[in-house]
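Chemist: Let me give you the structure first, and then I'll get to my questions.
The values are calculated or read from the model by the stated rules, or taken from the named source; none is laboratory data. Predicted model, so just to flag it, every value in this text is computed and none were measured. When we count neighbours, we look across all protein chains shown, and the Cβ atoms used for this are built from the backbone with ideal geometry, even at glycine.
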Amino acid sequence: MKKVGSVIVFLFITVVGSWANIGDTTAFKAKAIYGKEAQVIISILNNNHYSKIKFNDSLSSAVLDAYIKGLDGSKSFFLKSDLTSFEKYRKTLDDLTQQANVDPAYEIYKVFRQRFDQRIRYINTELVNEQFDFSIEEEYETNRDKEPWCNTEQELNDVWRKNIKNQALSLKLSGKKPEEITKVLSERYERMEKAMRQFNSEDVFNIYMNTITEAYDPHTSYFSPKAADRFKEQMTLSLEGIGARLQTDNDYTKIAEIIPGGPAEKSAILKVNDRIIGVAQGKDGDMVDVIGWRIDDVVKLIKGPKGTTVRLSYLPGETGLTGAAKEITLVREKIKLEDQKAKKEIIPYQQGAKTLRMGVISIPSFYMDWEAYQKGDPDYTSTSGDVKKLIKELQGEKIDGLMIDLRNNGGGSLAEAIDLTGLFIKNGPVVQVKNSGNRIEVGEDDDPSVLYNGPLVVMTNRFSASASEIFAGAIQDYNRGVVVGESTYGKGTVQTVVDLKRFIQPTAGEEVGELKITFQKFYRVTGSSTQHKGVTPDIKLPSALDAEEFGESANPSALPWDEIRSTLYEKTPVVNKQTLAYLNKSYQERIKSDPVLNKFIRETDEMRKNMKETRVSLNEEKRKKEMEEAERQRANASLGTKLGDKETGNVVSPPVKADDEYLREGILVLSELISQRIG
């Protein structure tokens, strides 16, 4: 499954407080239980992690850099001299941690707190009430990864001056008056101060341990006792909220994933990469500015009882940081397993004088009711069981072709991916799984029957991961269908959760957490790992998302791609090289002649450009023009790419989603696959 994971980028929460005692770091001291936990975790990782790497001097160096970045990812607090003072830990964190000593985490954090105190005092006394000159030509780099560490406080002052000037300009262009801008900024930094005074020793340990675990690979995580409870809640699929997974992006809270069946998905408005900048309760509640908040506290504001209303102010991902803010009202719902179930529909497609009936089955995740299965209930809920029923219904409705839509499917049960593949192929291997001891097991479909043998298209995107990649890869390897869309996420690893109470007996008043550890790796029947590479579509559609930024390859510690020996399997004659060559040639011809596809390509290119642009102008007139241009492009895009175009004769009706060009292209490919089969 796609990692929810822990967030180590330091952000802040809301509540107004005084400026007193923020520099008091005496409360930050490691408890004895933290050292024991760290020692046990390192022992488990060194002996059981798939990579077989050890916590040595090399990994110690990587952990130090990652921990510093976790505290100050924006390079806005530490000075270069601070980093020099931390060098004494570069090759000793491994030895100290294995000796149950986590003191360096607290020593480094104390310096961060002192620097934070200095910044807040400077902001409060110098910047919040400053009258900025927005007529001069000046820019601010929002992605501080591109910038060097500051040498002096004067350099840091200039960074913060530009940062706050950028925020003030955004507020001004949104219609705020000078006194309102001052109020918003004052409250924003008061909340930061309050956050620091609420941060405790457990929070420091949580950040530090996740820095260590994620140095092994990005899907290995430490769950503090509180985080473990939240993880279990998420795994039950019974969350009350809007149905979106969030992550930090500098000072912003960004939507990382839209959960199928939730209010966010049903709105058809919120998208991955949108940045949430404000949250309001009810229809009339005040919009609370959440720029600079800790992600946990943004989540607390957004979550709430089923049936209640929440309003969000957000910056659309396609217009980037220079776009105008939008507002959406959502009613919170309880997201259950039923909301994640596979769904079907039939899309008519006019091909000459004939109307083809295209069956589409959307699968949000690979699910199964494990408890019912263990009890021996023959009617337990599962992906393969539900899809089997849906296919039979579609066959009864005389479909001409079938599409399996795996877009945004983050994975789930591997057994279900195997069983689902079995509905389309005769018995044979589907996936190979290798453990840390180099033992390889083959997951097979042992049912020789084939439920559906007609034309098949599998739709994927960048957020199709894990079990989705196993299914799509198997369909491709068996030549059973055509994969259309974006290259998939590239997560080819398997995790298990270890309760640390098995190794530590906490005393009264103490609690220990859990460790999620990577212990296996997926391989396709060809022997190729899905790690990093994922599944490359047979028909690759335009994408605004780079694998290096949105996928497994975005994580420096991700395990490498490799391959093992192919297993024996029998390809089907359904799809061959000639078929794929014909389909790709037809797609290239559509690029030249189809105005709908051309418009989509231009919009995708513009979105890619906007997403990569991290420098913003601090000149009011220039910024205003950028916003107007971004809004114009968004307005054009919002007119939609209807699933049909009379000029090209590709009429698909009724439209499922007005702007779903991927679905339209998938239907066109499926229609051509049907024609090839008939011919």
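Conditions (1) farther than 24 Å from GLU665 by Cβ; (2) in contact with a helix residue (DSSP H, G or I) (Cβ under 6 Å, 6 or more places away or on another chain); (3) outside the structural domain of ARG608 (by TED's automatic domain parsing), marked per residue:
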position	(1), (2), (3)
GLY437	yes, no, no
VAL442	yes, no, no
ASP447	yes, yes, no
SER466	yes, no, no
ILE470	no, yes, no
GLY481	no, yes, no
GLU486	no, no, no
LYS491	yes, yes, no
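Chemist: What tally of residues in the stretch 272-301 results from selecting those that are of a type in the set (A, V, I, L, M), in contact (Cβ under 8 Å) with a residue 60 or more places away in the chain and either part of a strand (DSSP E or B) or over 26 Å from LEU169 (Cα atoms) (or both)?
Modeler: The total comes to 1.
Chemist: Under 7 Å between Cβ atoms, at least 6 apart or on separate chains: pull out the pairs that start in the stretch 60-83 with a residue that is in contact (Cβ under 8 Å) with a residue 60 or more places away in the chain and end on any residue that is surrounded by fewer than 17 Cβ atoms within 10 Å (Cβ to Cβ) and among the polar types (S, T, N, Q).
Modeler: Filtered contacts from the stretch 60-83: LEU79/ASN151; LYS80/ASN151.
Chemist: If the Cβ limit is 7 Å and pairs must be 6+ apart or interchain, which residue in the stretch 588-608 that is farther than 19 Å from GLU631 by Cβ and assigned by TED's automatic domain parsing to the domain that holds GLU626 pairs with which residue that is among the acidic types (Asp, Glu) and exposed (fewer than 12 other Cβ atoms within 10 Å of the Cβ)?
Modeler: PRO595/GLU647
Chemist: Looking only at strands (runs of 3 or more DSSP E) that lie completely in the stretch 388-498, which have at least 3 residues being in contact (Cβ under 8 Å) with a residue 40 or more places away in the chain and surrounded by 22 or more Cβ atoms within 10 Å (Cβ to Cβ)?
Modeler: 401-405, 428-435, 456-460, 482-485
Chemist: Filtering the stretch 602-650 down to residues that are over 30 Å from LEU668 (Cα atoms) and in a strand (DSSP E or B), which residue is modelled with the lowest pLDDT?
Modeler: ARG615
Chemist: While we're here: For THR567, all conditions in the list (1) of a type in the set (S, T, N, Q); (2) surrounded by fewer than 18 Cβ atoms within 10 Å (Cβ to Cβ); (3) farther than 25 Å from ASP405 by Cα hold save one; what is the number of the exception?
Modeler: (2) is the only condition that THR567 fails.
Chemist: Still on this structure, I have one more. How many residues are over 34 Å from the mean Cα position of the chain (by Cα), of a type in the set (Ser, Thr, Tyr) and surrounded by 19 or more Cβ atoms within 10 Å (Cβ to Cβ) if we restrict to the stretch 112-149?
Modeler: Final tally of qualifying residues: 0.
Chemist: Moving to a separate point now. Can you name the condition, by its number, that THR567 falls short on among (1) assigned to a loop (DSSP other than H, G, I, E, B); (2) modelled with pLDDT under 90?
Modeler: (2)
Chemist: Any residue in the stretch 361-369 that is surrounded by fewer than 15 Cβ atoms within 10 Å (Cβ to Cβ), over 15 Å from ASN409 (Cα atoms) and modelled with pLDDT under 95?
Modeler: Step one: list which residues in the stretch 361-369 are surrounded by fewer than 15 Cβ atoms within 10 Å (Cβ to Cβ), which gives none.
No: the stretch 361-369 contains no residue that is surrounded by fewer than 15 Cβ atoms within 10 Å (Cβ to Cβ), over 15 Å from ASN409 (Cα atoms) and modelled with pLDDT under 95.
Chemist: Something else: Does the stretch 185-195 hold any residues that are crowded, with 18+ Cβ neighbours inside 10 Å and either in contact (Cβ under 8 Å) with a residue 60 or more places away in the chain or within 27 Å of the chain's Cα centre (by Cα) (or both), and which are they? Spell out the reasoning first.
Modeler: Step one: of the stretch 185-195, the residues crowded, with 18+ Cβ neighbours inside 10 Å are 185, 188-195.
Those that are crowded, with 18+ Cβ neighbours inside 10 Å and either in contact (Cβ under 8 Å) with a residue 60 or more places away in the chain or within 27 Å of the chain's Cα centre (by Cα) (or both): ARG188, TYR189, GLU190, ARG191, MET192, GLU193, LYS194, ALA195.
Chemist: Which residue, of ASP24, ASP94, is more than 30 Å from GLU416 (Cβ to Cβ) and modelled with pLDDT of 95 or more?
Modeler: Among ASP24, ASP94, only ASP94 is more than 30 Å from GLU416 (Cβ to Cβ) and modelled with pLDDT of 95 or more.
Chemist: Further question on the same structure: Would you be able to say whether some residue in the stretch 543-556 is out of contact with any helix residue (DSSP H, G or I) (no Cβ under 7 Å at 6 or more places or on another chain), on the phi > 0 side of the Ramachandran plot, touching a residue at least 12 places away in the same chain (Cβ under 8 Å) and surrounded by 18 or more Cβ atoms within 10 Å (Cβ to Cβ)?
Modeler: Yes, the stretch 543-556 has at least one match.
Chemist: Here is a further query. Could you please find all residues in the stretch 610-620 being in contact (Cβ under 8 Å) with a residue 40 or more places away in the chain and farther than 19 Å from TYR314 by Cβ?
Modeler: ARG615, SER617, LEU618, ASN619, GLU620
Chemist: Let me ask something else about it. Taking THR518, is it buried (at least 20 other Cβ atoms within 10 Å of the Cβ) and either under 20 Å from the mean Cα position of the chain (by Cα) or aromatic (Phe, Trp, Tyr) (or both)?
Modeler: Criteria met by THR518.
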